[in-house]
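The values are calculated or read from the model by the stated rules, or taken from the named source; none is laboratory data. Just so it is clear, the structure is predicted and the values come from calculations on it, not from any experiment. Every residue, glycine among them, receives a Cβ derived from its backbone with ideal geometry; neighbour counts consider all protein chains shown. These accessible areas exclude ligands, DNA and RNA; they are computed on the full protein's heavy atoms, side chains included. Shrake-Rupley method; radii C 1.70, N 1.55, O 1.52, S 1.80 Å.
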Amino acid sequence: MTGFLTLLYKELLRFWKVSFQTVLAPVLTTLLYLLIFSYVLSRRVEVYPGVSYTAFLIPGLVMMSMLQNAFANSSSSLIQSKVTGNIVFVLLPPLSAGEFFGAYLVASIVRGFSVGLGVLLVAQFYASTPPIHIIWALLFGFFGCGILGCLGIIAGIWAEKFDQLAAFQNFIVVPLSFLSGVFYSIHALPPFWREMSHFNPFFYMIDGFRYGFFGLSDVAPQLSLIIVAASFAGLSALTIGLIHRGYKLRG
Amino acid sequence: MTAAIEITGLKKRFGSLQALSGIDLTIERGEFFGLLGPNGAGKSTLINLLAGLLRPDHGFLRILGHDVVRQYRSARLSLGVVPQEIVYDPFFTVRETLLIQSGYYGLRRNHHWINTLLERLDLTDKADVNMRALSGGMKRRVLVAQALVHRPEVIVLDEPTAGVDVELRQTLWAFIQSLNSQGHTIVLTTHYLEEAQEFCQRIAMLKQGQIVALDTTKSLLASFEHRELKVTLNPFELPDALRPMLRQSIGATHILDLPSLAGLEETLAIIRQSGAQIEDLSLSEPDLEDIFVSIMNEQVLE
């Protein structure tokens, strides 16, 4: 247990020591999205009856920033350690695959929640959006960050160079999160794209998270929760398996 | 008693390169063991396999009887490795680095031993300095301290003195020797053969992934019979009979190659018979470098 806690502590300290860049910067970026989109679109779009566009946008942006930062935390920590070579410090000690996985995962979730909370708090100056089902919001936040934390570990282990990691982020994570209904309801999309959205796992994370705030969603939150929890379980098993086998870490 | 390190039938291949082709090696507890070989001979591969940073294709490695793959927890608890490359985590100070490394080995309260390590490696006044701000030699000391936070019984040093100043070398060797005298097993790879000759009780030489020599340092030195004889003669002419052995002449001083010590008597007799007087004479001691060069120049026996 001490091994796991120490690795977790190290991972938390790592992003906390540079929190200006790892927490404040993404909070600011997300607030810029909020400022611009809500200014441009708030008079023209009403997604759910009685919910202003700005209010609709906030949970989506909060979740998107949580997901992107959860991914960034584990992936950038691993790639930095690999490129600089200090990954040996965690490969030499008797840490199990589970301890290794758990520490990187929990650190990703903590980073995701730190950024998400920051965005949510500042966003309250634009529109008040208290979550009406806070447990649902927390569950989706947890599983969403967990999924992206896993993807970050896999990408960090797989990538050998920073640009491979950037490709993973720019061609997979960012498009999937932008096209997941952060800025719109998928009911506003043409039928083909609406159907396609159902194959995007990010859609269920955002939609379920938004349910936690408004009690309104595009699909039933129970369904979203099952899909998100199952994806998390599957990805966790895959990630632990990769670490256990030493994939790309122990040649 | 189980051996400190036991390696049987070890093979490792990287693509088309056979890095290790069948290594069998036992290192007893308390030994100071040297692993020598040119670049690419497989020394670092062997160490990385021992440390669990690589997985073997064939064969087994055991540390104090624990298989490094299947019983990795006990194996890694018994092993401390000082890596060859200088690596560090730029987010932390020296003390943080050592506390975190202790935690990975399950040690919560390790302040006393960390202070001892800092003191023995002359790092006390750098304890709260960020790793980034340290010189290369200082970073190397931290690497040594990191490898020792869990007081491993077996310590592996992969070229610990490459590019390191004299002061650190002395500090380091004094410390490593005291650990050895307390019963720790030391395995050393180095390019500085004089270091191996001075510290190692036993030596294995690796070439192209195979062990080509394995013996005590003493017998390796003794088995190497080649000597250099330096004689200063009056008159300074070298007898013709000795011309084939001549390597170099500087005035009256001649350097002769002796295939073995047994030839010394005969050589001196030839000089005496020629009527020349020997004004000065010295005989070179064999050193590991000669042995190393001669073994590395031999073909590997298939």
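For the range B:99-119, filtering for residues that are buried (at least 20 other Cβ atoms within 10 Å of the Cβ) and either away from chain A (no Cβ under 11 Å) or at positive phi (or both) leaves 3.
Within the range A:56-78, the presence of a residue that is within 14 Å of another protein chain (Cβ to nearest Cβ), part of a helix (DSSP H, G or I), out of contact with any helix residue (DSSP H, G or I) (no Cβ under 7 Å at 6 or more places or on another chain) and open to solvent by less than 20 Å² (accessible area, probe 1.4 Å) is excluded.
Here is a check on your reading of the model: is B:Arg132 touching a Phe, Trp or Tyr at 6+ places or on another chain (Cβ under 6 Å), open to solvent by 20 Å² or more (accessible area, probe 1.4 Å) and not polar (S, T, N, Q)? Against the criterion (touching a Phe, Trp or Tyr at 6+ places or on another chain (Cβ under 6 Å), open to solvent by 20 Å² or more (accessible area, probe 1.4 Å) and not polar (S, T, N, Q)), B:Arg132 does not qualify. Looking across the range A:80-107 at every residue that is among the small types (Gly, Ala, Ser) and buried (at least 21 other Cβ atoms within 10 Å of the Cβ), the one that is farthest from the other protein chains (Cβ to nearest Cβ) is identified as A:Ala107. Of the helices (runs of 4 or more DSSP H) lying entirely inside the range B:194-302, those containing at least 1 residues that are more than 30 Å from B:Thr8 (Cβ to Cβ) and open to solvent by less than 50 Å² (accessible area, probe 1.4 Å) span B:264-273. Scanning the range B:181-193 for residues that are more than 11 Å from the chain's Cα centre (by Cα) and surrounded by fewer than 18 Cβ atoms within 10 Å (Cβ to Cβ) returns B:Ser181, B:Gln182, B:Gly183. Output the residues belonging to the range A:1-32 that are away from every other protein chain (no Cβ under 12 Å) and of a type in the set (Phe, Trp, Tyr). A:Phe20 - this is the single residue of the range A:1-32 that is away from every other protein chain (no Cβ under 12 Å) and of a type in the set (Phe, Trp, Tyr).
Taking the range B:146-172 as the region of interest, how many residues are assigned to a helix (DSSP H, G or I), surrounded by fewer than 16 Cβ atoms within 10 Å (Cβ to Cβ) and of a type outside the set (D, E, K, R)? Walk me through it before giving the result.
Residues of the range B:146-172 that are assigned to a helix (DSSP H, G or I), as a first pass: B:146-148, B:166-172.
Applying the additional criterion that residues be surrounded by fewer than 16 Cβ atoms within 10 Å (Cβ to Cβ) yields B:166-167, B:169-170.
From what's left, of a type outside the set (D, E, K, R): B:166, B:170.
The number of residues fulfilling the criteria is 2.
Looking across the range B:75-95 at every residue that is more than 8 Å from every other protein chain (Cβ to nearest Cβ) and within 21 Å of A:Val18 (Cα to Cα), the one that is least open to solvent (accessible area, probe 1.4 Å) is identified as B:Val94.
Per-residue answers, yes or no, for (1) at pLDDT below 95; (2) over 29 Å from B:Ala127 (Cα atoms):
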residue: B:Leu25; (1), (2): no, yes
residue: B:Glu31; (1), (2): no, yes
residue: B:Ser44; (1), (2): yes, yes
residue: B:Ala51; (1), (2): no, no
residue: B:Gly65; (1), (2): no, yes
residue: B:Val68; (1), (2): no, yes
residue: B:Leu79; (1), (2): no, no
residue: B:Gln84; (1), (2): yes, no
residue: B:Arg95; (1), (2): no, no
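When you go through (1) over 22 Å from A:Leu41 (Cβ atoms); (2) open to solvent by 50 Å² or more (accessible area, probe 1.4 Å); (3) not in a helix (DSSP H, G or I) one by one for A:Asp163, which number turns out not to apply? Exception for A:Asp163: condition (3). Looking only at residues of the range A:33-52 that are among the small types (Gly, Ala, Ser) and either touching a residue at least 60 places away in the same chain (Cβ under 8 Å) or within 14 Å of chain B (Cβ to nearest Cβ) (or both), we find that the one that is nearest to B:Tyr104 (Cα to Cα) is A:Ser38.
Does the range B:48-57 contain at least one residue that is part of a strand (DSSP E or B) and more than 8 Å from every other protein chain (Cβ to nearest Cβ)? Checked against the condition, which is being part of a strand (DSSP E or B) and more than 8 Å from every other protein chain (Cβ to nearest Cβ), the range B:48-57 yields no hits at all. Taking the range B:12-48 as the range and being farther than 21 Å from B:Leu79 by Cβ, open to solvent by 20 Å² or more (accessible area, probe 1.4 Å) and not hydroxyl-bearing (Ser, Thr, Tyr) as the test, the residues that pass are B:Arg13, B:Phe14, B:Gly15, B:Leu17, B:Gln18, B:Gly22, B:Pro38, B:Asn39, B:Gly40.
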